[in-house]
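What follows is one structure encoded as structure tokens, with my remarks underneath.
Nothing in this text is a laboratory measurement; each read-out follows from the coordinates by a stated rule. Treat the numbers as computed from the prediction; the structure is a model and nothing was measured. Because the Cβ atoms are built from the backbone with ideal geometry, glycine has one as well, and the counts that use them run over all protein chains shown.
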Ligand code: BGC
């Protein structure tokens, strides 16, 4: 190729990626050549334009604008970019690894991170099909989850989803995680409820969800045993979300999720039975569900479950033996010992009172509507000072709970930590890959924390505040067939309904109709309409 003197020559390099997930191995090379030809014909400029347009659409749906705080703005945009880059929902065989495609740690596998931390972002910023794909991934692995439970001695269709998986099989190799960190099953059931609560798509239960719920409830029913001593059901030998203690009895969070799953499964059974009896009969046949017996057994369990509680402090206990530990706040540790997982032996960590990430608080976060603010604050004030936040999943949940209790300063500090974790390499581990799960969590801190978004009786509810450092923040939420833009300033909350449907919202506890294609403004401090 002649390169002319004093002239600029541009060489375009095209690359094509194909996968045997989509094409027969034997034609992979040919497919790649076809793609290259297509790319070459189209040309670099056109491809770039298409890419820009696709991204523009993504940003229109999911951007969060923050005025007055460049670091926070850069942080959240970096997070949103990575979330959109990682998952599009085009293929139900795919899920989201904690590091996305940015690093090999965690092997690209799926964890409970998806259901607990990532689903909400896709639910609110993309078509509901995207979030549905994440749920279907688990539905498609139900048989494997039943096999997985069978390997451990469970029977009759009990399902234990793996802690770490690519294809439905357990890929983790530590017994205290694979056999004991069973709370992941609960997050999978919770996500079904979360999705339906958000989208209103109850048919998901009929199509897929109920089978999964029955499998998981059966697992819980077999995993507990009745303690003659306590005259209650107990769950022994588990690891809660706090992986800094293993093999504990009655992890409050796991017991809670087990009960909530069984209750929700029964509600779902009643709904499917009433609304689609034909499909219900197919499901009971397929799952060999013994309706009366199993419902009776689950009800007995969730109404008689043991939950460790400290009467003196009036807090839920992380597990039976938690108060036997030497309780000393993290603030008394020398900075030379932090992070403890790099300075202490496992023996020492496992016996200590130090908590890796939200555990009791994770349960309170999921089922917040069951607890009054004082109860939430008491538990936060007891557990947070003992928490080392050595999982990137920790800050976001603490931020949301701090916001809920009105502690705006701490909510903001936890947010900053989550938002810039990788940009500033706070944990000195960004070289392992980005913390994609924490990025979903960061989005949640703004939407659920600062803006206080919840779903209440099929309606979107908001209780917004603005961090002191910010002048304004704005975001968009897709809810069912409506697209809303919110703008929170020091003075007001502005809501723009960008759709052709009216919507009834709950703002500061009051009902508020926002008509189609209109803007509504509410004073921020006034806290009533
Ligand atoms: C956390 C788990 C999480 C995993 C992957 C661990 O450090 O403790 O809760 O699922 O990382 O993000």
The chain - share of DSSP beta bridges that are antiparallel (%, nearest 5) | 90
Provide the packing ranking of 511-520, 66-75, i.e. peptides ordered by the mean count of other C-beta atoms within 10 Å per residue, highest first.
-> 66-75, 511-520
Virtual spin-label span in nm between residue 104 and residue 33, 7 Å along Cα→Cβ | 3.2
Calculated FRET value between residue 3 and residue 409, using beta carbons and R₀ = 45 Å, to 0.05 = 0.15
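Report the gain in length on full extension from residue 271 to residue 429: 0.36 nm times residue separation, minus Cα-Cα distance, nm rounded to one decimal.
52.2 nm is the gain from fully extending residue 271 to residue 429.
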Specify the inter-centroid distance of region 258-298 and region 134-167, based on alpha-carbon positions, in whole Å.
-> 19
Take the alpha-carbon centre of region 393-447, take the same for region 45-77, and report the distance between them in whole Å.
-> 20
So the FRET efficiency between residue 325 and residue 23, C-beta based with R0 = 51 Å and rounded to 0.05, is 0.40
Return the calculated 222 nm mean residue ellipticity for the chain, to the nearest 500 deg cm²/dmol, obtained by summing -39500 (n - 2.57) across DSSP H runs with n ≥ 4 and dividing by the residue count.
-> -13000 deg cm²/dmol
Report the full-extension gain for the segment residue 471 to residue 44: residue separation times 0.36 nm, less the Cα-Cα distance, to one decimal in nm.
-> 149.7 nm
Could you work out how far apart the two model spin labels at residue 230 and residue 304 are, taking each label as a point 7 Å from the Cα in the direction of the beta carbon, and quote it in nm?
-> 1.3
With a/c under 1.5 counting as rounded, go ahead and sort region 1-103 into rounded, prolate or oblate using the C-alpha gyration tensor (a ≥ b ≥ c being the square roots of the eigenvalues; past the cut-off, prolate if a/b is larger than b/c, else oblate).
-> oblate
